[in-house]
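Q: Before I ask anything, let me first share the structure, which is written out below as structure tokens.
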């Protein structure tokens, strides 16, 4: 029997999993049964003080008060970073903590299906970079799950609502309002490709805040009426919390409900009538706080609200009519319906898993895209892009570079990710050396650098010396810290510093060009054309080279002026040379030299275009 | 491929009027083998499909029971809040020296309903805290009990059909550290 693949929503606060059964996604229930989180369970791992077995999910939450130092929450926020959790003398990486959560899911799934489960599709936020995606994949591997695909959470949610089946191109707004965070994503869907246009959000805004506001209101009403403050009575507060949560859920379906708690304080009962309008007025300020995130997402995607074709709601609080209405009003369209917003991401992951396993028939092959541009560092700290942002993956692209100095026997390939033209302003994902390049003049060796991104967005970079066939490679390890905020900041910086960056890049480019031209001209004058140019011409060139060298550390204009002067002199010489010359080899040589002028370390060969072909 | 082309040519040479490839396929023994392989593949696929469907059906049967139980659990959970209110009322009137006989018999009736549905309260008194049954809401400094002993119950927890239905919320003891 073909192996089944499960879909996993590995969340910051809660996680859930689903599998295709009878052609439809079904949530895999947590072994502890239904909790306040529905069928999902808290993404919490704990190591009990008494050294007993590690706890995952609700039991881990249950003991958190007594053992906070050994209880880990929100490990997802540390994925792809160097963070280490030191627990009872042992060290754990974030991916190990996530792996414990995945192991529990694997166990629950096996109990639910009666089959052995070894493969999974895992979702990640759209803004996750490659380090974070790799860390997620590693977590799967540690948990004994082969990660068949890593997909973006908003993409999964769209799949759950069947948006991939629409035969039209569309712009989708995914409004993911969870217990503790808000994520807004705008995606473009066309030809089976979901392309993330923008992401924004608020990491300190969620449904839990609403519950607290409602509780405060009811508590205050009781104090006003009976003169008793319940705050210090733990038993009373616990009953109040439960009743408020129930009332909030009920008010999504009815217009009014009663909170009745007999004997809440001695013989006094708490009786509060709660209408939907009242609840709305209590939470409205919180809901309004979602507006800037929607506006920013639209602004970043450079589209107006009216251009959005579909709205997808994710997360428990979006069940509330006020939240639905708020999004509808903000965009001017009704949101998609028919799927429980709390289960949408896990459902979507299961749909993708079903397509991969052949359980779900689909005409489309879902493709994902690279979240940020990938490239390598070239001479002068300039980033040379190899795979542009939003390229559909899996993909493979290459470019050929050369050396910057004579007899250079090694090159360092520094793999960078980000939207800025200078390496220093982006994030380095890792670097490696290609050694044993046979000594040769600068510009002669040909080093082909190939980027392979698999379907999970994991990058393999290979550098190959085309002369010797020797190669070196790197698989990007999770070594760099790049938080959600940092990714956002990188994107913002790219826009903010566009002008400044261009200047920096221009300076480096012109300096590289000048150095390369000096090298070529010196070689030409001192070796190749030594006997063919006059002494006067020789002096003119040498002087011009000297002048250019003197201004290399100056600004762009000065370098440009002196470079143009040198070019003019050289043009004069070569024009005269060709007038007098007859043999074609001279012409060939000129062509070759021009080619090497354009090379720097490592810089793309003009003739060698990157292979645009994408693997399937 | 080359071979096929040659066969085509030979075949066409024999009977130029009949250019149907189908007749060639029918007559060539090697194509029978291919067809058998294809049919075997198809059979295997269908076999896998029906096995999968059978498994899905069995799971559905199990899940239907679970779903009915889940619905029942929800009703029982609501019933439990009313039951607890009756217990609270009884305790207060009992403390005041009132007659609680009738309240007691109502509570007993309710408890027999709970028993029927295999609902049992989670024991907490004097027990050691266990995260599989209890949720700690507070630690209380206390040298009279071993650390981690439940010293107060904030909200009752319940087990149904030997599974957790609601965790009990508790306060546990914590040793006082003297400087």
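Here, each number is a calculation from the coordinates, and none is a lab measurement. In this text the structure is predicted, and so the values were computed from the model without any measurement. All Cβ positions, glycine included, derive from the backbone under ideal geometry; neighbour counts span all protein chains shown.
Q: Can you show me the helix-derived [θ] at 222 nm for the protein assembly as shown, built from DSSP H runs with n ≥ 4 at -39,500 (n - 2.57) apiece and divided by the number of residues, rounded to the nearest 500. Could the numbers behind the result be given before it?
A: Details: 19 runs with 328 residues, N = 795.
Dividing the helical sum by the residues of the protein assembly as shown leaves -14000 deg cm²/dmol.
Q: Still on this structure, please answer the following. When 1/r is averaged over all different Cα pairs and the result inverted, which Kirkwood radius in Å belongs to segment B:121-179?
A: 11.7 Å
Q: Order by neighbour count: A:237, A:210, fewest other Cβ atoms within 10 Å first, most last.
A: A:237, A:210
Q: Would you report the distance distribution of C-alpha pairs in segment B:22-117 as whole percents per 5 angstrom bin, up to the bin with the largest distance?
A: 3, 10, 10, 9, 8, 7, 6, 5, 5, 5, 5, 4, 4, 4, 4, 3, 3, 2, 2, 1, 0
Q: Also, quick follow-up: Please tell me the relative contact order of chain A in percent, rounded to the nearest whole number, where contacts are Cα pairs under 8 Å and at least six residues apart.
A: For chain A, the relative contact order is 14 percent.
Q: For each of A:376, B:122, B:75, A:6, count neighbouring Cβ atoms within 10 Å of the residue's Cβ, then give the residues from fewest to most.
A: Ordered from fewest to most neighbouring Cβ atoms within 10 Å, A:376, B:122, B:75, A:6 come out as B:75, B:122, A:376, A:6.
Q: Return the percentage of antiparallel bridges among DSSP beta bridges fully within the protein assembly as shown, rounded to the nearest 5 %. Write down the numbers at each step before the final one.
A: Working: 90 of 114 bridges.
Here the antiparallel bridges make up roughly 80 percent for the protein assembly as shown.
Q: What value in Å³ per residue do you get for the convex hull of the alpha-carbon atoms in segment A:500-581? Before the final figure, lay out each step's value.
A: On the way: hull volume 6.5 nm³, N = 82.
Looking at segment A:500-581, the number lands at 80 Å³ per residue.
Q: Note down the Stokes-Einstein diffusion coefficient of segment A:207-287 in µm²/s, whole number, using a Kirkwood radius over alpha carbon pairs, 37 °C, and 0.692 mPa s.
A: Stokes-Einstein gives a translational diffusion coefficient of 257 µm²/s.
Q: Continuing with this model, one more query. What's the Cα-based Rg to Rh of chain A, Rh via Kirkwood?
A: Rounded to two decimals, Rg/Rh equals 1.10.
Q: I've got another one for you. Counting DSSP beta bridges in segment B:121-179, what percent are antiparallel, to the nearest 5? If you can, show how the numbers build up before the last one.
A: Values: 9 of 16 bridges.
So the antiparallel bridges amount to about 55 percent of the total.
Q: While we're on this one: Please report B:65, B:87 as a ranked list, fewest other C-beta atoms within 10 angstrom at the top and most at the bottom.
A: Working: B:65 10, B:87 16.
Ascending Cβ contact count within 10 Å gives the list B:65, B:87.
Q: Over segment A:78-181, what is the percentage of antiparallel beta bridges among all DSSP beta bridges, to the nearest 5? Could you put the intermediate results ahead of the total?
A: Numbers: 3 of 9 bridges.
Among the beta bridges of segment A:78-181, antiparallel pairing accounts for roughly 35 percent.
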